Amino acid sequence: MVLEKNRFQRTCIGCYNKKSKDELIRMVLSPQKDIVIDLDSKLPGRGIYLCPSQDCLTEAVKRKKVISKEALRVEIIKKLEAKIAALIGLSHKAGKAVSGQTNLIKALETKKIKLLLLANDIGKNLQRRYLFLASKEGIRPYYIFDTFRLGELLCKSPRTAVGIKEEKFALKIGRYIKQIEKFI
């Protein structure tokens, strides 16, 4: 039975702690000898794993396991943001995203929103309104992208906020955002 428990655990190259491979970020070496971030764990080759934290990244660099801390940190954040962008677009196409001030406020008031994404450059008055409604429903808002990027992901004009209605989309996007927060 002990084998089953440890079957999918991997060791972080920074802290050497064993964790589930879902909790770690996988990296593989490309044929050109570049480190490639593999968030989906689908790239061929033997991977190395890293906890999503600044401390583990620093330790991995000290031990010469990875080349450049800043370059790798930027690459990880870029890959995570690309995943988030794809999930936002997919949730919109599936009809599970709400945008536009009137629609979003109505959805927040009727308790249909599972995740609230606010643009980094949202206005203070509108921000206060969304934060009030979100706190009333126990939703933690996340700041991601700017208004133009959020609108672009939804194939619409600039958007200050997006609400995700589907629990699975909300959990996955939230997980990726939390990983980004650990690197900032």
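The values are calculated or read from the model by the stated rules, or taken from the named source; none is laboratory data. On a predicted model such as this, the values are computed, not experimentally measured, just so you know. Positions of Cβ are backbone-derived with ideal geometry, glycine not excepted, and every protein chain shown enters the neighbour counts. These area figures cover heavy atoms from the full protein model, side chains too; ligands, DNA and RNA do not enter into them. Shrake-Rupley method; radii C 1.70, N 1.55, O 1.52, S 1.80 Å.
Summary table below
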{"read-out": "Meets criteria (aromatic (Phe, Trp, Tyr), over 26 Å from Arg73 (Cα atoms) and open to solvent by 50 Å² or more (accessible area, probe 1.4 Å)) for Phe148", "value": "no"}
{"read-out": "Cβ pairs under 9 Å, 6+ apart, first in segment 28-53 and surrounded by 15 or more Cβ atoms within 10 Å (Cβ to Cβ), second charged (D, E, K, R) and assigned to a loop (DSSP other than H, G, I, E, B)", "value": "Val28/Asp38; Val28/Arg46; Gly47/Asp38; Ile48/Lys65; Leu50/Lys65"}
{"read-out": "Residue match in segment 80-88 (condition: within 19 Å of the chain's Cα centre (by Cα) and without any contact (Cβ under 8 Å) to a residue 24 or more places away in the chain)", "value": "yes"}
{"read-out": "Only one of Glu181, Glu167 that is surrounded by fewer than 17 Cβ atoms within 10 Å (Cβ to Cβ) and over 26 Å from Glu75 (Cα atoms)", "value": "Glu167"}
{"read-out": "Flag if Lys18 is in contact with a strand residue (DSSP E or B) (Cβ under 6 Å, 6 or more places away or on another chain), buried (at least 19 other Cβ atoms within 10 Å of the Cβ) and charged (D, E, K, R)", "value": "no"}
